[in-house]
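Trainee: One structure follows; several queries about it will come next.
Since every read-out is calculated from the coordinates, none of them should be taken as a lab result. Predicted, not measured: the structure shown is a model, and the values here were computed from it. Heads up, the Cβs are rebuilt from the backbone with ideal geometry, glycines too, and the neighbour counts pull from every protein chain shown.
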Amino acid sequence: MTALDELPTPALLIDRDRMEANLAAMSAAIAAAGVALRPHFKTSKCLAVARRQLAHGAIGFTCATPAEVELLQEAGVEDVLWAHQPVGPAKVAFAVQALGRGGLTIALDSVEVAEPLSRAAASAGVRVPFVLEVDTGLHRAGVDPDRAVATAAALIALPGLELRGVLTHEGHLAAHGSDRAGLEAAGDLAGRTLVQVAEALRADGHDCPLVSVGSTPGATSAPFAAGVTEARPGTYVYYDANQVGLGSARVEQCAQTVLARVTSTQRAGTAIIDAGIKAMSSDTLATAGILGIVCDASGTPLDGLEFKAGNEEHGYLTGPGTADLRVGDLLRIIPNHACGTTNMWSALFFVDGDRAVERHPIEARY
Ligand SMILES: Cc1ncc(COP(=O)(O)O)c(C=O)c1O
């Protein structure tokens with residue numbers, strides 16, 4: 001056990017009680033929707049956190065990168081969904097190897113992506129269970145709903161490919177900002193659209209057991225559409241300033257903070273801290289141009305302090321609250337985006353009150 005005051009700064013902290021409360025609440029909410037919970041591992045990239053999610057009923061995980069898939073498979077997780085298209089020889093070779101271990105499903109959305117994978121898998125003698133990724137509004141990956149049946153038919157015509165269901169990431173809900181009613185309606189529509197695609201595939205003669213939606217803002221709507229079978233929220237494990245901006249969480253639920261110290265107060269109206277852009281995420285999805293919410297050492301937000309700019313290892317706090325800060329003061333910053341912040345760090349501390357109680361590695365980073 002180490003007092004926060006004795007930790008080197010900056011440091012990445014996870015308030016254990018808040019995280020546990022987030023895990024319990026999401027498990028209960030997803031159970032109330034009657035669907036399975038498959039969290040996205042990108043938020044923590046930490047096996048200690050993943051184990052807590054399994055303890056709270058997660059059936060497996062969603063991943064974005066080969067390193068995440070590998071880490072979980074090596075840790076013995078038996079049900080992994082790789083929700084990113086494996087393009088390029090290195091990713092295809094990795095996919096075949098990971099498929100060979102069993103328990104992996106891959107998201108596909110085009111014949112161009114699937115053909116090299118099918119060829120490599122066939123020559124290695126492995127099957128490719130896949131979900132068809134469907135675009136319900138984000139316009140990132142995924143086929144348009146009206147092209148789903150034709151694309152699924154083209155994909156299953158390739159050697160080794162086995163359709164397991166459909167998937168969407170309703171990331172476009174964030175565009176509704178703080179309009180929670182609009183966001184909920186869009187989440188419901190995304191869920192219903194995906195179910196309609198699953199029904200169209202069934203009408204065309206396919207089994208379609210998996211109907212997978214996934215996001216933290218959408219967790220209160222999309223999984224409740226009748227016919228959805230699983231939800232894949234990721235950010236909920238910690239929440240962040242963006243989720244507060246979207247009305248998906250309260251500040252008091254944010255479990256991830258960056259511990260920093262004031263290093264300079266020489267200019268009136270400005271205080272410098274030892275956490276800059278290499279410690280934070282600059283993803284201002286639903287925040288007004290800030291790098292995070294400034295809190296005191298206990299994690300309570302402070303009035304009159306804004307964190308709007310940073311160099312690599314320096315953060316600039318401005319506002320009237322800087323008059324109360326002294327060199328050496330400890331602060332905690334709630335990042336804009338928990339998942340982006342995680343990727344900056346090699347380790348995190350679980351915190352109980354004002355003490356760091358466990359240190360865990362963050363793996364599978366770039
Ligand atoms: C495919 C997929 N599923 C699930 C999620 C989890 O969404 P969130 O970060 O809102 O929890 C993401 C996030 O990027 C994603 O890309």
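Trainee: Suppose the chain between residue 180 and residue 21 were pulled fully straight at 0.36 nm per residue; how much longer would it get relative to their current alpha carbon spacing?
Mentor: Details: separation 159, 0.36 × 159 = 57.24 nm, distance 2.23 nm.
Taking residue 180 through residue 21 to full extension adds about 55.0 nm, to one decimal.
Trainee: Report the FRET efficiency, 1/(1 + (r/R0)^6), for residue 203 and residue 51, where r is their Cβ-Cβ distance and R0 is 41 Å, rounded to 0.05. Please report the intermediate quantities before stating the final value.
Mentor: Details: r = 41 Å, r/R0 = 0.99.
Efficiency, from the Cβ-Cβ distance: 0.50.
Trainee: Over the alpha-carbon set of the chain, divide Rg by the Kirkwood Rh and report the Rg/Rh ratio to two decimals. Don't skip to the answer; put the middle values down first.
Mentor: Working: Rg = 21.6 Å, Rh = 21.3 Å.
Computed over Cα atoms, the ratio is 1.01.
Trainee: Where both partners of a DSSP beta bridge lie in the chain, what percent of those bridges are antiparallel, to the nearest 5?
Mentor: Details: 32 of 59 bridges.
Approximately 55 percent, going by the DSSP bridge assignments.
Trainee: Rounded to the nearest 10 degrees, what's the angle between the helix 111-124 long axis and the longest principal axis of the chain, both from Cα atoms, 0 to 90?
Mentor: Result, in degrees: 80.
Trainee: According to a simple spin-label model (label point 7 Å from Cα along Cα-to-Cβ), what is the distance in nm between residue 296 and residue 264?
Mentor: Result: 2.7 nm between the two label points.
Trainee: If you don't mind, there's one more thing I want to ask. Choose one of 318, 356, 298: the residue whose Cα lies farthest towards the positive end of the charge dipole of the chain (beta-carbon charges +1 Lys, Arg; -1 Asp, Glu; about the Cα centre).
Mentor: Towards the positive end, the residue furthest out is 356.
Trainee: Give the longest segment of the chain that steers clear of GluC sites (Glu not before Pro) in DSSP loops with at most 13 neighbouring Cβ atoms within 10 Å, not counting the sites themselves. Walk me through the numbers before you get to the answer.
Mentor: Details: sites that count: 78, 312.
Maximal segment without exposed cleavage sites: 79-311.
Trainee: Quick one: if the Förster radius is 30 Å, what FRET efficiency do residue 28 and residue 314 give, using the C-beta to C-beta distance and rounding to 0.05?
Mentor: Working: r = 42 Å, r/R0 = 1.39.
Given R0 = 30 Å and the Cβ-Cβ separation, E is 0.10.
Trainee: With r as the distance between the Cβ atoms of residue 90 and residue 352 and R0 = 45 Å, compute the FRET efficiency 1/(1 + (r/R0)^6) and round to 0.05. Kindly include the intermediate steps, with their values, before the conclusion.
Mentor: On the way: r = 41 Å, r/R0 = 0.92.
Rounded to the nearest 0.05, the efficiency is 0.60.
Trainee: From Cα pairs below 8 angstrom and at least 6 apart in sequence, can you work out the relative contact order of the stretch 16-236, rounded to a whole percent? Before the final figure, lay out each step's value.
Mentor: Values: 427 pairs, mean separation 42.7, N = 221.
Averaging sequence separation for qualifying contacts and normalising by length gives 19 percent for the stretch 16-236.
Trainee: Is it possible to state the helix-based mean residue ellipticity at 222 nm for the chain, with each DSSP H run of 4+ residues giving -39500 (n - 2.57), the sum divided by total residues, to the nearest 500 deg cm²/dmol? What is it? Mind showing how you got there, number by number?
Mentor: Details: 9 runs with 105 residues, N = 366.
My calculation for the chain gives -9000 deg cm²/dmol from helical runs alone.
Trainee: Toward the positive end of the charge dipole of the chain, about the Cα centre and with charges on Cβ (Lys, Arg +1; Asp, Glu -1), which of 105, 124, 255 goes farthest?
Mentor: Checked the options; the winner is 124.
Trainee: Taking 0.36 nm per intervening residue step and subtracting the Cα-Cα distance, what contour gain separates residue 153 from residue 327 on full extension? Provide the component values of the computation, followed by the final result.
Mentor: Details: separation 174, 0.36 × 174 = 62.64 nm, distance 6.45 nm.
The residue 153-residue 327 span can extend by a further 56.2 nm.
Trainee: Further question: Can you list the lysines whose alpha carbon is less than 16 Å from that of residue 91, not counting same-chain residues fewer than 8 positions off?
Mentor: Within the straight-line limit of under 16 Å, residue 91 reaches no lysines at all.
Trainee: Something else about it: Rounding to the nearest 10 and keeping the result within 0 to 90°, find how far the Cα-based axis of helix 180-203 lies from the longest principal axis of the chain.
Mentor: 20 degrees
Trainee: Still on this structure, I have one more. Stretched out fully, how many nm does the piece from residue 343 to residue 78 gain, at 0.36 nm a residue minus the Cα gap? Could you put the intermediate results ahead of the total?
Mentor: On the way: separation 265, 0.36 × 265 = 95.40 nm, distance 2.41 nm.
Working it through step by step, the gained length comes to 93.0 nm.
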